[in-house]
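Student: I'd like to ask some things about the structure below.
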Amino acid sequence: MKTMLEKEPRFRSAWLDYVIIAALMLMSGTPVAMGPVRAEIFYVLTSFFFLTIILLRKEPPLTARFVVVVSVLSAILVIQCITFNFWPFHTMIGFMLRVFIGYAAVRLVSEFPRRYVRLMYYLCIISFFFHSFSILRKTTGVDLVQYFKPMNKIVKPWSGINVVVHHFAAYERLPEYKMQDPLRYFRNGSCFWEPGVFSAYILLAIVFLGLTRDKFDKRQYRRIFAVLVIALLTTMSTAGYVLLPLCLLFHVRDLSLTRRQLPKLLGFALVVAIFCVAAYQLDFVGGKIKKQFDSVAYREPGWEKARFGSLVYDLEYIIKRPFFGWGLNYETRHALSSGVGIFGTGNGLSDFTVKFGLVGLVTVLTCVWIGVYQLTKRNWKISTLFVIFVVMVLNGEWLLNFSVYLGLMFLEPIYPKWTCRMEASGQRWSGK
C-alpha cells in the first residue's frame, strides 16, 4: 500500500513553484520582458501558461477576492472611459493581464511568501557574482562586462548590457543619464531595469522572511537574512535604506511592552537608531532627501521627477478627481499637462491614486490587509504594519505597474491537499 508521502499530485511540485515565481519576477521589471511589442507578447504567454496550470489542477480558477478586485478596478476604468469618452482597450487589457499574473502566481504557489524568500535569496547570490564585474571595471579598469555584449543582440535592452539574470544598467547609459548619480557604477540592480526596483523586491523578501521565520531552521534563517540585507545595501537605494528598519520589525517575535520584552525592544530600537543616523550621513540618503526637498521648494528644473516633486505634481490631479482617477492612458493620466507626462523616478503611490482614485487605492490596500491577516492567523498588528510598509515602499517606485506587488492583494494561506494530509498524519513536510 502506497503512503501519502511517496508522490506529490500532478502539476504540484517545488520546482514548478519556483518556475512560476521566476516567471512572475521576469514580468515585473526586467528589460528582457519590457518593450512596446515584446512586453505584450510576454504578458499573453505568461497569462496563458498560468491559466493552463490552474485548469490542469482542476481547482476553481477564481477566488472571491479576485472577482471583487477585478470588478472594482474594471468599474473604475469603465467610469473613466465614459467620462472622457475615450476607450484605451489596449492599455486596460495589458493592466488586467498584469493583475491576473500576480493573482495566478500567488494562487498557484503553495506557501508563496516562503518560496519567494528562497528565490530572492538565490537571485541575490547571482547578483553578487555579476555585480563584482561592474565593481572590478570601475576600480581596476579590467572590463569583463564587455564579453557579455553579444547577449544584447538577443535581449536588446534600451541601455546597458543584459544577460537575462543580470542587467548592467550603468555600462552604457543613455545621453540624458550621463551626468546623474556618480555612484551608479556601484549600484546593484540584479536583473531589473533599476536598482530601486531590486531593493523593493528585497525589502518584500525581508518582510516575508520575518513572517515565515518559523519555516526555516536558525542557520538557514541567519544566512538568508544576511544575504538579503547585504544585497539591499549594494543597491544603494534611498528608499531601501530608509525602509530597512521598518522591515526589521517583522522579525521581532513579540512587540508587547512587557517587563521581559522591554530590554530586547530597547536594544533593537538602539540598533535601529544608530543605523538611521549612520545612513542619513550618506549622500544618497540624507543628502538626496534634502536635495529633493529643496528642488520642490525652489521649483528647480525637473523638480517634478523627484519622489516628493511628483507627489506635489500628482496632488492637483488627485484633488480634481479624487474617487475614480484619470485612467491608465497618458492622454488622460496627464490631461492637465496637455497629455505630456513627466518621466523620471516618480512616486508610485500618488501615480496609482491618480490612475484609479482613492477607491482603487483603498481596494488594493484593503485586500492586502485581508491577505496578510489570514496568513498571520488574524494578527491585525502585523497586517496593519504590512500595509504601512506597502504604502511607504510605493513612494519609491511604480511597483503597482508590475505583477509582484499587485499579487499581494491575493495572499492567503493556500496549501496543497497533500501537505494538509501530511500535517494531519503528524509528519513534517520537508519540501524546499
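The values are calculated or read from the model by the stated rules, or taken from the named source; none is laboratory data. As the structure is a computational prediction, the values presented were derived from the model and not from experiment. No Cβ is skipped: glycine too gets one built from the backbone with ideal geometry, and neighbour counts run over all protein chains shown. In case anyone asks, the SASA skips ligands and DNA or RNA and just uses the protein heavy atoms, side chains included. Shrake-Rupley method; radii C 1.70, N 1.55, O 1.52, S 1.80 Å.
Student: Can you tell me which residue among 139, 46 is modelled with pLDDT under 90 and either closer than 18 Å to residue 204 by Cβ or in a helix (DSSP H, G or I) (or both)?
Tutor: On the way: 46 fails: modelled with pLDDT under 90.
After ruling out the rest, the residue left standing is 139.
Student: Let me ask another. Could you say which residue among 394, 406 is within 20 Å of residue 66 (Cα to Cα) and either buried (at least 21 other Cβ atoms within 10 Å of the Cβ) or without any contact (Cβ under 8 Å) to a residue 12 or more places away in the chain (or both)? Spell out the reasoning first.
Tutor: Details: 394 fails: within 20 Å of residue 66 (Cα to Cα).
Exactly one of 394, 406 is within 20 Å of residue 66 (Cα to Cα) and either buried (at least 21 other Cβ atoms within 10 Å of the Cβ) or without any contact (Cβ under 8 Å) to a residue 12 or more places away in the chain (or both), namely 406.
Student: Could you grab me the full set of residues in region 230-260 that are surrounded by fewer than 21 Cβ atoms within 10 Å (Cβ to Cβ) and at pLDDT 95 or above?
Tutor: Hit for region 230-260 is 230, nothing else.
Student: Which of the residues spanning region 85-110 are touching a helix residue (DSSP H, G or I) at 6+ places or on another chain (Cβ under 7 Å) and not in a helix (DSSP H, G or I)?
Tutor: 86, 87, 109, 110
Student: Considering region 409-427 alone, what residues qualify as being at pLDDT 80 or above and either of a type in the set (Gly, Ala, Ser) or surrounded by fewer than 17 Cβ atoms within 10 Å (Cβ to Cβ) (or both)?
Tutor: First, the residues of region 409-427 that are at pLDDT 80 or above: 409-413.
Selection gives 412, 413.
Student: Condition check: touching a Pro at 6+ places or on another chain (Cβ under 7 Å), surrounded by 12 or more Cβ atoms within 10 Å (Cβ to Cβ), farther than 30 Å from residue 248 by Cβ and at pLDDT below 90. Does residue 152 satisfy that? Reasoning before the result, please.
Tutor: Details: touching a Pro at 6+ places or on another chain (Cβ under 7 Å): no; surrounded by 12 or more Cβ atoms within 10 Å (Cβ to Cβ): yes; farther than 30 Å from residue 248 by Cβ: yes; at pLDDT below 90: yes.
For residue 152, the condition - touching a Pro at 6+ places or on another chain (Cβ under 7 Å), surrounded by 12 or more Cβ atoms within 10 Å (Cβ to Cβ), farther than 30 Å from residue 248 by Cβ and at pLDDT below 90 - is not met.
Student: For residue 75, all conditions in the list (1) of a type in the set (Gly, Ala, Ser); (2) at pLDDT 90 or above; (3) within 18 Å of residue 104 (Cβ to Cβ) hold save one; what is the number of the exception?
Tutor: Residue 75 satisfies all of (1) of a type in the set (Gly, Ala, Ser); (2) at pLDDT 90 or above; (3) within 18 Å of residue 104 (Cβ to Cβ) except (3).
Student: Additional query: Are there any pairs, at least 6 apart or on different chains, whose C-beta atoms fall under 7 Å, with the first in region 213-233 and farther than 30 Å from residue 194 by Cβ and the second surrounded by 20 or more Cβ atoms within 10 Å (Cβ to Cβ) and of a type in the set (A, V, I, L, M, F, W, C), and if so, which?
Tutor: Correct list of pairs: empty, since none qualify.
Residues checked against (1) open to solvent by 40 Å² or more (accessible area, probe 1.4 Å); (2) within 22 Å of the chain's Cα centre (by Cα); (3) under 30 Å from residue 372 (Cα atoms); (4) modelled with pLDDT under 85:
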position: 102; (1), (2), (3), (4): no, yes, yes, no
position: 114; (1), (2), (3), (4): no, yes, yes, no
position: 118; (1), (2), (3), (4): no, yes, yes, no
position: 126; (1), (2), (3), (4): yes, yes, yes, no
position: 143; (1), (2), (3), (4): no, no, no, yes
position: 171; (1), (2), (3), (4): no, no, no, yes
